[in-house]
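Since the structure comes first, as structure tokens, the remarks are kept for the end.
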Amino acid sequence: MRKLLALLLLLLQFPMSLSSAPSSPAITVRDLGVPVKAVNWVRLHPGRGPDGKASLLATMGQNNGGLFVLDIDLATGRCKQFNAAGALQQYPISAIRSPRTGILYLGSHTDGHLLRYDPAHPERGLEDLGVIDGDQAIFPTGIAEAPDGTLWIGGYPGCSITQYDPATGKFRRLGSVDPEDKYLYPHVGTDGTLAALTKFTHPHVVVINPVTGEHRTVGPVLDPEDKNQRLMFYKGLDGRLYIESHAGNFRISGMELEPVTYLPPALPGVHATHKHQYQEILPMPDGLIAAWDDGEEGAGLYTKVRLTSTNPSVAPRVITLDWQGGGSNLFKLHLGADGNIYGSSFLPEHLFRTAPDGSGMVNLGRCSVMLGEAYAIENFSDGTMIITSYPKSHISFYDPKKPYRFGTDAEANPRDIGRLDDVGIRPVGLAIVPQLKKADGSIVPERAWVGSLPDYGMWGGTLAWVDPKTGAHASHRHLVQDCSPVALQWLPELKQLLVGMSIESGTGTKIRAQNGAFVLWDPIEDKLIHAGDFGLADIGSVQAFAPAGNGLVYAFIANNRFAENTMGGPKCAPRLALIDPAARKVVATALLDASLLPIAEHAQFCIFPGPDGIYGMTEKCLYKIKPGTCDAEVVWRAPEGDKLDVPGPWVGRTFYFATGWRLRALTLP
């Protein structure tokens, strides 16, 4: 009691010493806006309306607000818009309009439901018919209509086949038709023959008995590595199913193959198994033919439809659609040499720009032929950006000092120059290596180095380089067998490139490698110096690097969720490692505390230099690494229900990141 009274007397003597002490400034987090409101998985569905006249529907996917269907007024372009009810129903992966009834069916990702829109009953909106086949069909790959009006639906990742009967509303799930492949694309012939193409590990055709569910492989089985092999599976003009291949041409009848000398053209108005569009858009009842005027072959905006007629006396016209987008998820954020924040959206890939305070935000539009997503962006010494894009690991160059006009011609800006090899598909790793001098005095110009995961159905990604001035390039594969380079760090002291190898293989495959590796590469002589684990056991995938000073480098090691959950990879607890590349050893390592997990979906670039050290990001928080150690200290933890998705750059003491479709800024005190 005496001690307590003494403390009270002390406080009364110095009242201002506590009450006037300033509280610590708080971290502030601001939303800067929604940079991109675009759409993906876009298709036009011409047909006959309930009044017998021309009718045009469209399906579009988006993240904020979900996928939607448009019922388009062909005179004005005004749309009746029907958004999916489920928040997980974001992508209309498969969609088909029945030529019999005019009803539109679509398979939704990420929840794997079958949806329906009936133009004769717009008051019903977009109806949810239920789950196709649970976890076996979260990505409904294709829908085919049988002569009896039932639908056959292929599913990923189970390579599953499911029948739906519109008359009864019942699903009949036949399960997987292949133990290794994951993707399935069905067709049904007018004779009732049911067959499907599997992709991508060993593409082949499977015939299925629609009554018993019995199935077996017919025809050639492809090796994705053999570019001389080919296989086209399609529905012919006569309504029968055909295979065109390097091993011969066949018609499928029931469960058997019949060799043929003549292959009919593909039947217009049905989906192709080699792409997600119709084989050919049929004219509507009055002879109108609809096509996008600003779609995949143009700006990628999908706001204008060009209507032409089979009657040459009818002039073409363009209608402008009034659909409303809610927002596209962001995929990559970057600080340009001009001080602006740049970034790209995900499916479709649009480039945006904003000042650091969020002012002047603009969707610049298309920056790649691919319209997928920009995995990486870096600046050359002259301020020009390189943008690496999925799919096919396309390369684009963009100079912010010049007017924006996307294309592939020499004067385009951004300019897409294509692929650096025929293997890479997801160009995850990117580093700029400055101009260097060889031992003989000759100059190796400034180059961009790109690490890519391999294409669908393949193992072993590529490390490639490109000269931005001349376009010269070269590529290397299997630096470590069946692994892929995903993290790149230039080491100026050693004049070497540090490469982090992931066990991840191409989509649709089962992982073969159990451990990744550290690779040292000589960019002057363009050759391997060393590949190994630096003494770190069970190394897993090396996902990201950050320079730690004094020649040391931080590495983030983890197998992402896609590798572990979908590709059969081993579990690898996320951890940090401080490595010495010169000595080829690990200085320190520690598991990431469980309270910080889960890691962000895209684990690459998740550790990075900040204003006063090295920082890292998970879905739950921003953390800082204590210098010289692998101890992580939480800087900011997202409130319940909030998260961090995409890490971005630091500008001063402000960290930029994305949550879904929102660009956000976190400022330290």
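The values are calculated or read from the model by the stated rules, or taken from the named source; none is laboratory data. All values derive from a computational prediction rather than experimental measurement. Note that each Cβ is placed from the backbone with ideal geometry, even for glycine, and that neighbours are counted across all protein chains shown.
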Discussion item. Exactly one of these conditions fails for HIS121: (1) surrounded by fewer than 24 Cβ atoms within 10 Å (Cβ to Cβ); (2) touching a residue at least 12 places away in the same chain (Cβ under 8 Å); (3) of a type outside the set (D, E, K, R). Give me its number.
Written reply: (2)
Response to the item:
Residue count, the stretch 304-315, condition surrounded by 12 or more Cβ atoms within 10 Å (Cβ to Cβ) and part of a loop (DSSP other than H, G, I, E, B), comes to 1
Discussion item. For the stretch 567-588, give me each residue that is crowded, with 17+ Cβ neighbours inside 10 Å and either of a type outside the set (A, V, I, L, M) or closer than 30 Å to PRO157 by Cβ (or both).
Written reply: MET567, GLY569, CYS572, PRO574, ARG575, PRO581
Worksheet item: Out of (1) surrounded by 23 or more Cβ atoms within 10 Å (Cβ to Cβ); (2) without any contact (Cβ under 8 Å) to a residue 12 or more places away in the chain, what's the single condition that is false for ASP51?
Response: (1)
Practice prompt. Kindly provide the set of residues from the stretch 84-97 that are crowded, with 18+ Cβ neighbours inside 10 Å and touching a residue at least 40 places away in the same chain (Cβ under 8 Å), ordered by number.
Written response: ALA84, TYR91, PRO92, ILE93, SER94, ALA95, ILE96, ARG97
Worksheet item: With TYR234, TYR262 as the choices, which residue is within 25 Å of TYR456 (Cβ to Cβ) and either outside the structural domain of GLY134 (by TED's automatic domain parsing) or among the hydroxyl-bearing types (Ser, Thr, Tyr) (or both)?
Response: TYR234
Worksheet item: Only one of (1) without any contact (Cβ under 8 Å) to a residue 40 or more places away in the chain; (2) assigned to a strand (DSSP E or B) is not met by TYR342, so which one is it?
Response: (1)
Practice prompt. For ALA513, indicate whether it is assigned to a strand (DSSP E or B) and touching a residue at least 24 places away in the same chain (Cβ under 8 Å).
Written response: no
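Residue-by-condition table, conditions (1) buried (at least 21 other Cβ atoms within 10 Å of the Cβ); (2) in a strand (DSSP E or B):
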residue	(1), (2)
LEU453	yes, yes
TYR456	no, no
ALA474	no, yes
ALA487	yes, yes
GLU493	no, no
GLY500	yes, yes
Worksheet entry | Condition met for GLU378 (under 15 Å from the mean Cα position of the chain (by Cα) and buried (at least 17 other Cβ atoms within 10 Å of the Cβ)) | no
Worksheet item: Can you spot a residue in the stretch 632-652 that is closer than 30 Å to GLY457 by Cβ and either at pLDDT below 95 or not assigned by TED's automatic domain parsing to the domain that holds ILE539 (or both)?
Response: no
Item to complete: Report whether or not GLY300 is in the same structural domain as HIS204 (by TED's automatic domain parsing) and touching a residue at least 12 places away in the same chain (Cβ under 8 Å).
Response: yes
Worksheet, complete the sentence: Heads up, the strands (runs of 3 or more DSSP E) in the stretch 107-194 (entirely inside) with at least 2 residues that are under 22 Å from the mean Cα position of the chain (by Cα) and not charged (D, E, K, R) are 137-145, 151-157, 183-188
Discussion item. If a residue must be assigned to a strand (DSSP E or B) and surrounded by 24 or more Cβ atoms within 10 Å (Cβ to Cβ), how many such residues does the stretch 458-472 contain?
Written reply: 3
Worksheet entry | Scan of the stretch 435-481 for residues that are closer than 18 Å to ALA513 by Cα, over 22 Å from the mean Cα position of the chain (by Cα) and either in the same structural domain as THR198 (by TED's automatic domain parsing) or of a type in the set (Val, Ile, Thr) (or both), ordered by number | VAL480
Fill in: Among the residues listed as MET284, MET255, the single one being surrounded by 14 or more Cβ atoms within 10 Å (Cβ to Cβ) and in contact with a Pro (Cβ under 6 Å, 6 or more places away or on another chain)
MET284
Fill in: Answer from ASP421, ASP482, ASP440 - the residue that is loosely packed, with under 14 Cβ neighbours inside 10 Å and either assigned to a loop (DSSP other than H, G, I, E, B) or modelled with pLDDT of 95 or more (or both)
ASP440
Worksheet item: Has the stretch 259-272 got at least one residue that is part of a strand (DSSP E or B) and farther than 24 Å from GLN62 by Cα?
Response: yes
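Each row is one residue, and each column tells you yes or no for (1) among the hydroxyl-bearing types (Ser, Thr, Tyr); (2) over 15 Å from GLY471 (Cβ atoms).
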site	(1), (2)
PRO348	no, yes
SER359	yes, yes
GLY372	no, yes
THR384	yes, no
LYS402	no, yes
ARG415	no, no
Discussion item. Looking at VAL221, VAL211, VAL260, VAL177 in this structure, which one is buried (at least 21 other Cβ atoms within 10 Å of the Cβ), at negative phi and either out of contact with any helix residue (DSSP H, G or I) (no Cβ under 9 Å at 6 or more places or on another chain) or touching a residue at least 40 places away in the same chain (Cβ under 8 Å) (or both)?
Written reply: VAL177
Worksheet item: Which condition breaks for ALA632 when tested against (1) crowded, with 17+ Cβ neighbours inside 10 Å; (2) free of Cβ contacts under 8 Å to residues at least 24 places away in the same chain; (3) farther than 19 Å from HIS334 by Cα?
Response: (2)
Discussion item. Condition first: touching a strand residue (DSSP E or B) at 6+ places or on another chain (Cβ under 7 Å), at pLDDT 95 or above and either over 27 Å from TYR656 (Cβ atoms) or not assigned by TED's automatic domain parsing to the domain that holds LEU520 (or both). Can you find one or more residues in the stretch 572-579 that meet it?
Written reply: yes
Worksheet item: Do the conditions hold for ALA85, that is, is it of a type outside the set (Val, Ile, Thr), within 25 Å of ILE143 (Cβ to Cβ), assigned by TED's automatic domain parsing to the domain that holds VAL131 and in a strand (DSSP E or B)?
Response: no
Practice prompt. Working carefully through the options VAL553, VAL586, find the one that is in the same structural domain as VAL634 (by TED's automatic domain parsing), more than 20 Å from the chain's Cα centre (by Cα) and under 29 Å from LYS438 (Cα atoms).
Written response: VAL553
Worksheet item: Taking the stretch 579-594 on its own, how many of its residues are more than 26 Å from ASP522 (Cα to Cα) and without any contact (Cβ under 8 Å) to a residue 12 or more places away in the chain?
Response: 1
